[in-house]
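Read through the structure below, which is laid out as structure tokens, and then see the notes.
None of the figures in this text is laboratory data; all of them are computed from the coordinates on show. Bear in mind that the values here come from a model prediction, so they are computed numbers and not experimental data. When we count neighbours, we look across all protein chains shown, and the Cβ atoms used for this are built from the backbone with ideal geometry, even at glycine.
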Amino acid sequence: MMKKTIHLLALGVLLNAGVYAQSVEDGVKAYYNGNYASAVNILEKHGDKQEAAYWLAESYFSQGKTALAKAAVDKAIAAKPGDPFTLVAKGHYLLLENKAAEASQSFEAAIAAAGKKDEDKAMILNAVGNAVTKVYNNIDKVGDIKYAVTKLEEAKNLVMGMKEKNRPAQLLADINTNLADATLKANPGDGSKAFVLYQDAMNADPTFAKAEFRKAMIFKSQKNTELYLQTLEKASAANPANVAVLEELYNYYSFTAQDAVKAKPYGDKIVALLPPGPNVEYFKAAGSYFAKDYTGAITIGKDIIAKAGEQADPRTYKLIAYSLIANKDTAAAIPFVEDYFKNQAKDQISSFDYALKATALSNTPGKEAEVIKTYMEAAAADTTVAGKVEILEEGAKNFAKSGKGVLAGDLYAKILEIKPADKLTINDYFNAGYTGYYKSGQYDKAWKVFDAARTKFPNWNYGYMLAAGSSKVFDSTNAQNIMVPDAEKYIAYLQSPNDTSAATAKRGEIFKTALSLAIFYINDKKDSENGLKYLHVAHDNADDPSAKAQVAEYIKGLGGTPGAPAAGGTTPAAAPATDSTKAPAGGPKK
């Protein structure tokens, strides 16, 4: 059976700090308050106690300091190999090292060692589910989120199976919160079930601010600023010492609202809760940044890193990067962005952080592939389709502006993949096919986009025109049997009632396309019969008298009669070359 102290820790039955100052329990309390720096400060002083190792490791994990977490765990396992909590922590760092099979073994060993009491098993199942959920992300999908959901549901069922008066409130709140987090990752963009679970957590323990904080993050992803702020304030009222909540409010008023006056009280509260040290200077650096004193922010930030070393707050690297970019020194920002990603916990990296990385890399020649990958990662990290699309569009526009059309096309094409079919618009296809690929000469890629577009939007003229214009280049000999069918489909569309173009424009397009087909059949295929057929179509749609007369001579040369149905012929005539591959003027016709 586990020690009673472990029960108290996992259940969050935290003793009065005034009596038990700087105890392991205080370290756990700091951990649950999102005050990881204080948690580390306290728990490091209890390194000789087995029960402190798990929480110390979790505090390190939350700061992105995997190496320190691993050292603490390995030391604890060496002292007591079968401790279930440290086996969970071992599985956590194995997942971070991409050793999923070994991590699974460690998790299962922890569950097996949990004991027979429902409460004990629930605590370990909760710890396992929390570890997997923290490491799992929508980019590289480390771990198995379904496994996390299953274990957390098992934990909840065990607790709910207890008599109501015996249910440990904070453990139940923690399980519900972790299960909600896992559910969100299993179903990105669908926050309805998670929202209910977060509410269940608050019902179990009204002081468990983490659950209310997570609810606020759902509203943030939905861009519902009013409910986002209201819910954050509710979280802060539930537990005024929760640093994670205070930092979110500080960041909103600083970065988003750019209201230093409203941000300051939250910054002051955070500084009062954090342990003394160089990291508290972060808020001074942030103040310089918001005052547009970017050089000052850089100086303070570098001083923090120099003094704090490996304990430096990862956000400091990010703040320096933003400041360097604002100072038009993008190249110098890259190392700080990379250090931020190395030092920040994965579950703390947002889609905006990936966008920052892409911005830093975008002006460096030879980094294009990495920039594309970063935008893709940013989109994957966002939990809403709207957010993903916004990120990809921003990247695509940046590439298009800088003349990198192929890269813009790749990002616009990704939007076609991730947007629900009923939400796709003509402009989505035009951006990928024309703005991206067609203008940059990637006609085979452009064709794939416009081939799909004319199927989805059968009355959109550009779908037919640009598909035909693309295949005329990459399948000029009709070797793939694409060029001729495309041209024929375009003519058929132009001749149908679906095309609402002005009569002159319509006839001009028919003339140009039919003449191109006639030239192909006569000169390339030596097929005068089909050549004559399309010469007649061109002749009947020619508005320019000189062009009409010229085509009439070709028809006569093949034995036909201008204005009459094609009669066929046996001697192909030479036909002039023409160029119909130029991009159309204007934008898509809606």
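Quick look at the values:
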{"read-out": "³J(HN,Hα), Karplus 6.51/-1.76/1.60, whole Hz, each residue of segment 426-439, x for Gly, Pro", "value": "4, 5, 4, 6, 5, 4, 5, x, 9, 4, x, 7, 4, 5"}
{"read-out": "Residue-by-residue Karplus 3J(HN,Hα) for segment 335-349, coefficients 6.51, -1.76, 1.60, Hz, glycine and proline x", "value": "x, 6, 5, 4, 5, 4, 5, 6, 9, 8, 5, 4, 6, 9, 7"}
{"read-out": "Flagged links, alpha-carbon separation over 25 Å, of Lys45/Lys117; Lys185/Lys220; Lys49/Lys210; Lys262/Lys388; Lys234/Lys284", "value": "Lys45/Lys117; Lys49/Lys210; Lys262/Lys388; Lys234/Lys284"}
{"read-out": "Peptides ranked, highest mean first, by Cβ atoms within 10 Å: ranges 212-221, 309-318", "value": "212-221, 309-318"}
{"read-out": "Trypsin sites (Lys or Arg not before Pro) restricted to DSSP loop in segment 322-425 with at most 12 other C-beta within 10 Å", "value": "Lys328"}
{"read-out": "Whole-Hz ³J(HN,Hα) from phi, Karplus 6.51 cos²θ - 1.76 cosθ + 1.60, for segment 413-422, glycine and proline x", "value": "5, 5, 4, 4, 6, 8, 6, x, 4, 6"}
{"read-out": "Low-density loop positions, trypsin sites (Lys or Arg not before Pro), segment 523-561 - DSSP coil, at most 13 other Cβ in 10 Å", "value": "Lys526"}
{"read-out": "Expected 222 nm ellipticity per residue - DSSP helices of 4 or more, -39500 (n - 2.57), all of the chain, to 500", "value": "-21000 deg cm²/dmol"}
{"read-out": "Amide H within-cut-off set for Asp527, under 5 Å, with H built and near neighbours excluded", "value": "Ile522"}
{"read-out": "5 angstrom amide H check on Lys419, placed H, neighbours 5+ away", "value": "none"}
